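The values are calculated or read from the model by the stated rules, or taken from the named source; none is laboratory data. In this text, all values refer to a predicted model and were calculated from it rather than measured experimentally. Here Cβ is always computed from backbone atoms with ideal geometry, including for glycine, and neighbour counts include all displayed protein chains. Quick note on the areas: whole protein, heavy atoms, side chains included, nothing else; ligands and nucleic acids left out. Shrake-Rupley method; radii C 1.70, N 1.55, O 1.52, S 1.80 Å.
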Amino acid sequence: MAFLDNSGDIILDAVLTDTGRMRMAKGDGSFKIVKFALGDDEINYELYSKDHASGSAYYDLDVMQTPILEAFTDNAASMKSKLISIPRTNILYLPVLKLNEVFDSSTARHSSGYFLVAVDSDSETDLANTDGGDSFTGALYGESPTGNGNRIRIDQGLDTSEISPARALDPLLVETQYMVEIDNRLGSIVSGDGTRASISYVDDDNIATYFLSLGTDTELISEITNTSADTSMTISGPRGTKLVFKVQSSLELNTSDYFFTTLGYTEDIANTVSGAGGASYKQIKTTIRVTGVNTGYRIDIPVRFVKKA
Amino acid sequence: MATTFKNFLSNDLANTRTLLHEAIPVTGTIVSGTYSDNNIKEYGHGMFQSVYDYPYLSSSANQIFDVTFGLANNSSLSASTTNQIAKKCNIYNQMAQTLVGYDQTGSIKKFTDSNGNEIRDALFVNFARLLTKDEIKKGSFSLMALTGGVINALSLSHPLTITDTSGANGYRVDSPAGEYGYLYAGDRGLIEVGQLYYQAGIAVLSGGLVYGSAGGAPVYCEYGGPDSHTAASTAATASFQSVATGSSLNVMADGFRTRLHNVSFNNTTELNSTIYFCRVNHNDFNYSSNPTYLTGSKIRVKTRASDAPVTYITTIGLYSADNELLAVAKLSEPLRKSADTELTLRVRLDY
């Protein structure tokens, strides 16, 4: 995408996204625009210089000179960071989402920096109990999600040491709904007891979107009740809610190598049951994206679907 | 509660219709000459010839127009035609079916001039939709042909210029293919020579128009075949008769192309737009979920809690009720938003 010409008046470059065109082609009434959001994807607020020697007129000089890219038609590539409406203007801290890998070893990532999802029973058996922990660190069982206790946990709150975690998070800032996006060809979101979450929709790029709400999806979302400053919490300040889920691999990954051949590669994973030297695994790298629907913050969780070669 | 979306109200939407026009010039050297006819596509069936803007074997070639010729089955030429008579009649009937329609008995009607005289031999120039888009703009069509010699029979000078001069305010609406206007030739009094179907993008020209006499001088030939010619010389009649009866459709198309000087018209694209007024109130969208907006959960653009929050808008996302991004608009430069400003961003989607 090229940059937009910013030499004259402000112009708007508007396009339908691929999903918008798909819904329009369906003709089933699903193409209906009912709301809008604003984004600031290109902005780097680190350029905001509130101590500029020349005064406040220069604070955002660099920010305002940011060149803007043309609109992407891929619905997943735009609006990555949204602007937020909060009635109060005297807020100094905003909540973030953070992967909690310190709760215990069952929420930590694999040493490769990814969560590993074993897509069949052979892989599950090989990725088990050899590293001294309760189970292979960072390995989720994709065929039988309840087979081990490993899971992905995301905590929400103010990650600052300047406010005590004993203080309650302002209700305005408590996230009550999460949007989880995952490649539907590879896997799906399940709760700790293996119950599959309901997909809200699957877009034209096979990205499945789940909307999970506090009070409705009780197995997945709950309030963080720990208000102490202990080492099992990744959020240093006041805490809101947590999202905990597992990943079930798709039947296609379980029974076929097609996606591993077309989207993946083969690499050894060390310290498996096969031996310290490791075993060869077919792998697909992907990302699970979690977004707070109300607060807009989002994180990408690195995941590898793995199958013993 | 914090929120990232704002719903449109009923008065935030407006619908408009706009007509866009583009000037389309087609120079005669492209039609014959520049590419040594490598841009001319002929088909095994031989029923028409396609003209491209570049050698047609190239993937960057675009079709400009097709040329073909038709004879009505009641034309006096039909009986003496020896070359592709069936195909010439089929072409005429097909075009008449599409552009003129049927009478009350279900029979295919004939092309007629503004006085009701039948046009029984017609040259068809079918412009590609790539050029005409939704329609040819009425009153903008011009075709120049016959670059040599004086057209003595009608005292017309060359090149012969054909226009739909009455199109803008004198078009007809009784065609099943949309609106059409009459084509006129000449600069010393206008002479009717055919019809232009605006939405279909098809020019119907009197068949004898573009074929010269045996001596090579271009002439004008009137409606209805040789038996009803009113303005053509005997030599011209004979020449046209021999071409129409003895030549293939490809040869006749060649004859048209080599006599074509240029064509120009304006096309029309009908844009139906929905305008979304994104109204951003003073207390809307003053914070950001941009990862760089925070440092340790603290808002980077503020020093104290009492400082006014500020954000910079670069993108507008339009969403469905289930939060799917259906359209996206980008501003050409960041727009500062703070608690002391209100904005209305106008996003237009064209269909």
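Tabulated values for the structure
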{"item": "Test: residue in the range B:126-147 that is assigned to a loop (DSSP other than H, G, I, E, B) and at pLDDT below 90", "result": "yes"}
{"item": "Lone qualifier among B:SER36, B:SER50, B:SER60, B:SER80 - being outside any helix (DSSP H, G or I) and touching a Ser or Thr at 6+ places or on another chain (Cβ under 7 Å)", "result": "B:SER80"}
{"item": "Lone unmet requirement of (1) in a loop (DSSP other than H, G, I, E, B); (2) open to solvent by 70 Å² or more (accessible area, probe 1.4 Å) for A:SER49", "result": "(2)"}
{"item": "Odd one out for B:ILE30, checked against (1) of a type outside the set (Lys, Arg); (2) more than 14 Å from chain A (Cβ to nearest Cβ); (3) over 19 Å from the mean Cα position of the chain (by Cα)", "result": "(3)"}
{"item": "Filter result for B:THR245 (in contact with an Asp or Glu (Cβ under 8 Å, 6 or more places away or on another chain) and touching a residue at least 60 places away in the same chain (Cβ under 8 Å))", "result": "no"}
{"item": "For A:PRO87: the one exception among (1) within 7 Å of chain B (Cβ to nearest Cβ); (2) open to solvent by less than 60 Å² (accessible area, probe 1.4 Å); (3) of a type outside the set (Phe, Trp, Tyr)", "result": "(2)"}
{"item": "Single match in B:SER273, B:SER306, B:SER338, B:SER247 (criterion: in contact with a Gly (Cβ under 8 Å, 6 or more places away or on another chain) and modelled with pLDDT under 95)", "result": "B:SER247"}
{"item": "Matching residues, the range A:256-305, being in contact with a helix residue (DSSP H, G or I) (Cβ under 6 Å, 6 or more places away or on another chain) and either within 14 Å of chain B (Cβ to nearest Cβ) or β-branched (Val, Ile, Thr) (or both)", "result": "A:THR272, A:VAL273, A:ILE284"}
{"item": "Scope the range B:52-75; condition of a type in the set (Ser, Thr, Tyr) and surrounded by 16 or more Cβ atoms within 10 Å (Cβ to Cβ); matching residues", "result": "B:TYR52, B:TYR54, B:TYR56, B:THR68, B:SER75"}
{"item": "Residue match in the range A:2-23 (condition: at pLDDT 90 or above, at the interface with chain B (Cβ under 9 Å from one of its Cβ atoms) and either loosely packed, with under 14 Cβ neighbours inside 10 Å or on the phi > 0 side of the Ramachandran plot (or both))", "result": "no"}
{"item": "Any hit, the range B:13-33, residues being in contact with a strand residue (DSSP E or B) (Cβ under 8 Å, 6 or more places away or on another chain) and assigned to a loop (DSSP other than H, G, I, E, B)", "result": "yes"}
{"item": "The listed residue being open to solvent by 10 Å² or more (accessible area, probe 1.4 Å) and polar (S, T, N, Q), out of B:SER306, B:SER289", "result": "B:SER306"}
{"item": "Considering residues of the range A:198-256 that are assigned to a strand (DSSP E or B), touching a residue at least 60 places away in the same chain (Cβ under 8 Å) and among the hydrophobic types (A, V, I, L, M, F, W, C) only, the residue surrounded by the most Cβ atoms within 10 Å (Cβ to Cβ)", "result": "A:PHE245"}
{"item": "Filtered residue count, the range A:259-292, keeping only those that are of a type in the set (Val, Ile, Thr), crowded, with 20+ Cβ neighbours inside 10 Å and not in a strand (DSSP E or B)", "result": "0"}
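Conditions (1) away from chain B (no Cβ under 12 Å); (2) within 29 Å of B:SER288 (Cα to Cα), marked per residue:
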residue	(1), (2)
A:THR125	yes, no
A:GLY157	no, yes
A:GLU162	no, yes
A:GLU181	no, yes
A:GLU219	yes, no
A:SER232	yes, yes
